[in-house]
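Right, one structure below, let's go through it.
The values are calculated or read from the model by the stated rules, or taken from the named source; none is laboratory data. All values reported here derive from a predicted model rather than from experimental measurement. Cβ coordinates were reconstructed from backbone atoms using ideal geometry, including for glycine residues, and neighbour counts include every protein chain displayed. The protein model used for the area step is the full one, side chains on, heavy atoms only, and it has no ligands, DNA or RNA in it. Shrake-Rupley method; radii C 1.70, N 1.55, O 1.52, S 1.80 Å.
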Amino acid sequence: MASTTTADSLRVDREKDWDFHLRSLSSNARDSSSASDPASDPYILQSVKKIYDIAREGGSEELVARAYPQINKLFQRCVSALPQSQTSNGALLLTILQFFLDFGEVVLHDADPSLKAFFRSCLSREFADPVVAKATLDFLNLNKAKLLSSFPTLLPQFFPLLLKLIAWNGERLEKSFMMLFPAMMSIGSFLPLFHSLMDLPILVAALEKVEKSSGSLIGSSIASIQKSAAPEMLLALMDEAYTGSAIEDRGGDSGSDDNIDIDVSDPVFLDILKDENDGITERPWTSPAMTAMLQAAINNTQSERLKQVLHMTPQFLALYFSIALRDVNDSLLCALIPMVMSRYATTFPDKIFSYEVQKRLSDFMLAAFQQCPKFIALLKKPITDRLGEAYDNPAKTELALHLCWAIGEHGAGGVAYKDVARELFENLELLLYENLLSSRLGLSQESDIEPNNVAFRKSSQARLLCFVVTAIAKLATCHNELLPRARVSLAKVARSRNIDRRVWRRACDYLGLMSEPAICLSILGPSTEKPKGSGIINWSEGGSKMIAHVPFYILSEQEGPPFHDFSFSDIIPEK
């Protein structure tokens, strides 16, 4: 009896609270001071939260239906008031969106327009607000499963805006952002997302320039500035944002880092600051605007925000590539690899950042070739182009090393791709002969080059030749019709007098191996295809073989006495 009385009392109190907070929403709508800026009412957020809590605890569809008209009107008023609002609307709109997601089916409300309105009208203005940024990521992570099932294109569409959010707010939101990151990847966002991740440090630099020229980013919509119909305003803002000086001050000190002249109509920065994915393409780093931005980044001291992004970006790329290898279809993977090649030597000019990013790029590229060796055959043209650029700079040399290794390791895609193997073999031959005629890799003929640079480039040349020689030997082992040409190429290396000793030794070893076809195929054969035949060792079975099997396994269990005259006790010391 007592418990029934208590329950009735709680129900009555809940209905009183419900009526009180609904009246608060109504009075907010009637209040002239709040009509133009609903979020300025300090009690409105608490009323909406209380209504949501009561609706969730009570489970009454009638209560939800009574509250929905008022909450929906409040949402629309907040969105309309955002351009003139002086108050943060993020927390209030997120609470209303949670109400729409949880009770949308009850009141037949489609939350898709509301979610897009939040991103376009609110988050585009308040992504720099740390409170709104954290609340947004918490909201998206909480509702991630529902968003993926009911609104699968939402997060992929607005991933540029979410990248602006993490770029500006830094490492304190890194964990929440990485939890949400997989939901941003879809067929339509997969390739554009790669370029945006690579350019994340540039995004930070651009946002900092905007803040320096026009004040706090909170409350100002960069997207609306970009779409402004006043060309003079756009020119003035872009000039101040990316050169550090107003249009009328261009005659100032030209030696200042901030006064680098750029083309303010360059579309590169418009792409960088976009909020939505509209098929962002690779940004030309040779454009005047991008060159000016990179030069300023090199000359100026790095901000704490930029340092954090330089640390986070390699982690984002590692997550991106792991998801790509696991979930993305072969067509998109194949399309991504040429982009990876093109960006390998085009990264933000920071040594540690470049090293970490290039490591992620090469690891992904080699893993993709291992997962699907036929990519090498399909991408013959871009691979050939990159091999031809091996002399340009150290980064492109390193990329050529990885490509040479992949070509040899996977037999140019496999035994079925003989024409591709022949063409790639010819490119490896060309690369080999060019290096044999040159004493320095990528070195100009000027005589005033520092000795340290000469030594470094000679070392790079030796490394490249080691990989080229190995690729030639492996490719010929997989495709026997190339063996005569491979022997000629390796013999030229072995007869060369000025070659690095490491390269010479490797060429001699491969020539010796080629005289024993079975052993050569066991050692140099493609890792993705298991060779079979007399005397061929399958090294993947090594863990299951006993020591006594070794000589007989090599001899393919031939009859008669073994062709050896040793005992394992001769080479294993006694205790």
* Could you grab the pairs with beta carbons closer than 8 Å, sequence gap of 6+ or different chains, first residue in segment 102-128 and free of Cβ contacts under 8 Å to residues at least 24 places away in the same chain, second one open to solvent by less than 20 Å² (accessible area, probe 1.4 Å)? => GLY104/ALA111; ASP110/GLY104
* Structure fact -> Scanning segment 473-517 residue by residue, those open to solvent by 50 Å² or more (accessible area, probe 1.4 Å), within 15 Å of LEU432 (Cα to Cα) and in contact (Cβ under 8 Å) with a residue 12 or more places away in the chain turn out to be ARG485, ARG487, LYS492, ASN498, ASP500, ARG502, ARG506
* To do: Go through segment 35-74 residue by residue and tally those that are crowded, with 19+ Cβ neighbours inside 10 Å, without any contact (Cβ under 8 Å) to a residue 40 or more places away in the chain and not charged (D, E, K, R).
  => 1
* Condition broken by ASN329, with the remaining ones in (1) without any contact (Cβ under 8 Å) to a residue 40 or more places away in the chain; (2) on the phi > 0 side of the Ramachandran plot satisfied -> (2)
* To do: Please tell me if PHE103 is aromatic (Phe, Trp, Tyr) and open to solvent by less than 20 Å² (accessible area, probe 1.4 Å).
  => no
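How many residues does segment 385-421 hold that are of a type outside the set (A, V, I, L, M, F, W, C), touching a Leu at 6+ places or on another chain (Cβ under 7 Å) and in a helix (DSSP H, G or I)?
Going residue by residue through segment 385-421, those that are of a type outside the set (A, V, I, L, M, F, W, C) are 385-386, 388-389, 391-394, 396-398, 402, 408-411, 413-414, 417-419.
Narrowing further to those that are touching a Leu at 6+ places or on another chain (Cβ under 7 Å): 386, 391, 397, 402, 408, 411.
Subsequent filtering for residues that are in a helix (DSSP H, G or I) retains 386, 397, 402, 408, 411.
The total comes to 5.
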* Structure fact -> Looking across segment 112-140 at residues that are part of a helix (DSSP H, G or I) and among the small types (Gly, Ala, Ser), the single one that is surrounded by the most Cβ atoms within 10 Å (Cβ to Cβ) is ALA133
* Asked: Only one of (1) closer than 22 Å to ASN480 by Cα; (2) open to solvent by 10 Å² or more (accessible area, probe 1.4 Å) is not met by LEU403, so which one is it?
  -> (2)
* **Contacts under 6 angstrom Cβ, first residue in segment 371-396 being of a type in the set (Asp, Glu), partner crowded, with 16+ Cβ neighbours inside 10 Å, 6 or more apart** => GLU389/LYS396
* Structure fact -> Across segment 75-100, the tally of residues that are open to solvent by 50 Å² or more (accessible area, probe 1.4 Å) and small (Gly, Ala, Ser) stands at 2
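Here's the yes/no breakdown for (1) within 30 Å of ASN393 (Cα to Cα); (2) more than 34 Å from the chain's Cα centre (by Cα); (3) at pLDDT 60 or above; (4) assigned to a helix (DSSP H, G or I):
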residue	(1), (2), (3), (4)
VAL468	yes, no, yes, yes
LYS474	yes, no, yes, yes
ARG497	yes, yes, yes, no
ALA507	yes, yes, yes, yes
THR528	no, no, yes, no
SER534	no, yes, no, no
ILE537	no, yes, no, no
GLU559	no, yes, no, no
* Structure fact -> By residue number, the members of segment 350-385 that are in contact with a helix residue (DSSP H, G or I) (Cβ under 7 Å, 6 or more places away or on another chain) and closer than 29 Å to ALA296 by Cα are ASP350, PHE353, GLU356, VAL357, GLN358, ARG360, LEU361, SER362
* To do: Could you list, in sequence order, all residues of segment 348-386 that are under 18 Å from LEU325 (Cα atoms) and open to solvent by 30 Å² or more (accessible area, probe 1.4 Å)?
  => GLN358, LYS359, ARG360, ASP363, LEU366, ALA367, GLN370, GLN371, LYS374, LEU378
* How about segment 102-111: which of its residues are farther than 18 Å from VAL79 by Cα and not in a helix (DSSP H, G or I)? -> LEU108
* Considering segment 408-459 alone, what residues qualify as being surrounded by 14 or more Cβ atoms within 10 Å (Cβ to Cβ), at pLDDT below 85 and either basic (Lys, Arg) or at negative phi (or both)? -> ASN435, LEU436, ARG440, LEU441, LEU443, PHE456, ARG457, LYS458
